[in-house]
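Quick note: the coordinates plus some simple rules give every number you see, no bench work behind them. Computed from a predicted structure; not experimentally measured. Here the Cβ positions follow ideal geometry from the backbone for every residue, glycine too, while neighbour counts run over all protein chains shown.
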C-alpha cells in the first residue's frame, strides 16, 4: 500500500525505476511539422548539392571518394538544429579538420586498427574541446581515417583536404544559404557578453541576468547542445508566457496614458527641447495633422544628433551633411531631422504579453500605442505594465 502523496513511479522499487523504459526515451522540445519538413528538405538539398559538386570535381572512375558518410551526421546538425553550438561553422570545419589530421596521424603510428580507432577518437575529442570546435560527426571522420581501408589510407594527409575539407565546405555553404532563406538565422547572432553595457529591460528579465545563466552553466559543468543566448531567449519567452497567463484579458489600451502631447515634424528642434524640459518626459511622439504617428524623439536623439550652444540644441555640420546625402531635401533644423524612425509601436487592442515582448526585444521603457490606422492613442510605460502584472489588473490613468 502506497502513501497518498506518492506517485506510482515514486512508490515503485528502486530497481524498477532505474530500468524503467521511460528513462530511455528523450524528452524533446515541441517542433511543428513545418519545421520538421524544413530540416528534412535542407538535409536533402545539402547532401545532394555536396555529392553532385564533389562527383563533378573528381569525375567518373576516380579513386578519390566523392562523399564520405560523416557528412550525413553533419547534415542532421546543420539543418535540424542550426542554432546548436555543435553545428556552427567553426565546429564543422575545425572539428572535421582536426579529427582528420588526428585520424591520419594515428593510423600511421599505431598498427592495430582497433587501438588506433580508439586513440584517434579520444584524441580528436580532447583537441576539439580545447579548440572549441566540438562536432560529433567529426568522431566518425577520425574513424574513417583509421578504418577507411586502402583507398583512404592511400590518400595520406591528402584525406584532410579531399574529401574532408571539400565536403565540409560545400555542406556548410548549403546550410548558410538554405537556413537563411528559410527563416533560420545561421550562424546565429553571438550571445551578448555578460558585461555588455546594454539596458537589460528588467520588465522581462524574470529576475535573472546573463551572469546568472553563466554561473548556472559553470555549475552544471557539462556540454549542452544549446548556447547561452538561446537559453536566455527561451527563459525570457517563458516569462512572457507566464505574464500572459497571469494577466488574463488585459489589453495595452487598458494601461495606456492618453492625451499625451505630440509634436509636428516641422517644429524647431528647440521646441522639442522645451517640451522635454517642461513635461519631464522621455519620449515625444511626432505626428502629422491627422495624428498619424511618424516617429518619436527621445532624449538620446537630442543629445546624440545635435550640437549645443547658449541658445540650445541645433543641427551640427556633420549631421547636416549626412542628412543632405541621404535625403532629397536639405535639413532645416526641425524635429524631422532628428526623430527616430521607424518606430516600434503596439496596437491598443494587443494583449499585454505582446507589450512585454515588444519592450523586452528592443529594451524599451515607453511604447507608443496606435489604432488600426496608425493614429496615436497614447503611451504605455514599463511602470504601468509592471504595476498591472503585480496587481492583476489595469489601473485607469489619463494625462
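FRET efficiency for the pair residue 45 and residue 278, taken as 1/(1 + (r/R0)^6) with r the Cβ-Cβ distance and R0 = 41 Å, rounds to 0.10.
For residue 371 and residue 169, the difference between the fully extended length at 0.36 nm per residue and the C-alpha to C-alpha distance is 67.8 nm. Relative contact order for the range 252-391: 31 percent, from Cα pairs under 8 Å spaced at least 6 residues apart, divided by residue count. Each label was represented as a point 7 Å from its Cα along the Cα-to-Cβ direction; for residue 303 and residue 241 these points are 3.8 nm apart. Let me check against my output: what whole-number percent is the relative contact order of the range 33-181, with C-alpha pairs under 8 Å and at least 6 apart? The normalised contact order for the range 33-181 reaches 33 percent. With the cut-off at 1.5 for a/c, could you classify the range 33-181 from its C-alpha gyration tensor as rounded, prolate or oblate? Oblate, because a/c is 1.5 or more while a/b does not exceed b/c.
Our estimate of slack between residue 118 and residue 58, defined as 0.36 nm per intervening residue step minus the Cα-Cα distance, is 18.5 nm.
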